[in-house]
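The values are calculated or read from the model by the stated rules, or taken from the named source; none is laboratory data. These numbers were taken from a predicted model, which means no experiment stands behind them. Cβ: placed from backbone, ideal geometry, glycine included. Neighbour counts: every protein chain shown.
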Amino acid sequence: MIFFDIGQSGQSLAFSDGVLKHFNRHRQTRFWQKEAGGLLFARFELPVINIDVATGPRRGDRRSRYSYWPDERAEQREIDDMFSRGLHFVGCWHTHPEDVASPSHIDRRNIADCVRRSYHALNGFIMVVVGRNPIPVGICVSVCDKSSVYELASSRKAASIGSSFTSTSRRSADLGRSSADFGMPDSGQTS
Ligand SMILES: [Zn+2]
């Protein structure tokens, strides 16, 4: 199990051994290995968010050495299935054919898009990129909100996130608000 502190929030992410083994199995250490990826599901035992399940890759994913496009229907089935088992969708993972991974521009854009479109109990999503070097050296764990990607450190060193990762207010409070700001996140507004 590896822990990552979430900024100054006092919360941390814990990756189970099963999840780490899953990442490890798909590291692109051989030249023929394509990018792989999937979704991350967690149980909340605050202040710890336990990442217990990593899904994928699936048959319907489009994969090459340098790209990964998930099967979105398969993803939705996973989200529904896991939810019924008490596991919450908290983010995604994929591999890169680089020794120490970091999110690409496309990754940053995709995740920001994903956060914007989703209703979620969290202020952000977790993005894991798995590089070629052994874990934890080769992996990059980030927390992403609508505009930014914050990289987390796997020690007790904290990244510079000021706010708490979980939110007691609904995400809709932040979404789709324009000139009509009533200050009531639960006003039943649809758009
Ligand atoms: Zn990527």
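For region 12-128, list the helices (runs of 4 or more DSSP H) that sit wholly inside it and hold at least 2 residues that are within 16 Å of the ligand (Cβ to nearest atom) and of a type outside the set (S, T, N, Q); which are they? Outline the logic, then answer.
Values: elements: 17-25, 72-83, 105-117.
Of the helices (runs of 4 or more DSSP H) lying wholly inside region 12-128, those with at least 2 residues that are within 16 Å of the ligand (Cβ to nearest atom) and of a type outside the set (S, T, N, Q) span 105-117.
Failed condition for Arg117, given (1) under 28 Å from Ala153 (Cβ atoms); (2) modelled with pLDDT under 95; (3) within 15 Å of the chain's Cα centre (by Cα), with all others met?
Condition (1) is where Arg117 drops out.
Could you list all residues from region 10-29 that are at pLDDT below 95 and more than 17 Å from the chain's Cα centre (by Cα)?
Selection gives Gly10 alone.
Please enumerate the residues belonging to region 3-30 that are among the aromatic types (Phe, Trp, Tyr) and surrounded by fewer than 18 Cβ atoms within 10 Å (Cβ to Cβ). Walk me through it before giving the result.
First, the residues of region 3-30 that are among the aromatic types (Phe, Trp, Tyr): 3-4, 15, 23.
Matches in region 3-30: Phe3 only.
Could you look through region 40-66, keep only residues that are hydroxyl-bearing (Ser, Thr, Tyr) and over 20 Å from Cys144 (Cα atoms), and pick out the one that is surrounded by the most Cβ atoms within 10 Å (Cβ to Cβ)? Lay out the reasoning, then the answer.
At the first step, the residues of region 40-66 found to be hydroxyl-bearing (Ser, Thr, Tyr) are 55, 64, 66.
Of the ones still in play, those that are also over 20 Å from Cys144 (Cα atoms) are 64, 66.
Numbers: Ser64: 9, Tyr66: 12.
Going through the qualifying residues, I end up with Tyr66.
Taking Ile49 and the conditions (1) in contact with a Gly (Cβ under 9 Å, 6 or more places away or on another chain); (2) within 20 Å of Cys140 (Cα to Cα); (3) aliphatic (A, V, I, L, M), which numbered condition does it fall short on, given that it satisfies the others?
For Ile49, the exception is condition (1).
How many residues does region 1-11 hold that are over 14 Å from Val137 (Cα atoms) and part of a strand (DSSP E or B)?
Matching residues across region 1-11 total 3.
Among (1) surrounded by fewer than 22 Cβ atoms within 10 Å (Cβ to Cβ); (2) in contact (Cβ under 8 Å) with a residue 12 or more places away in the chain, which single condition is Ser148 missing?
(2)
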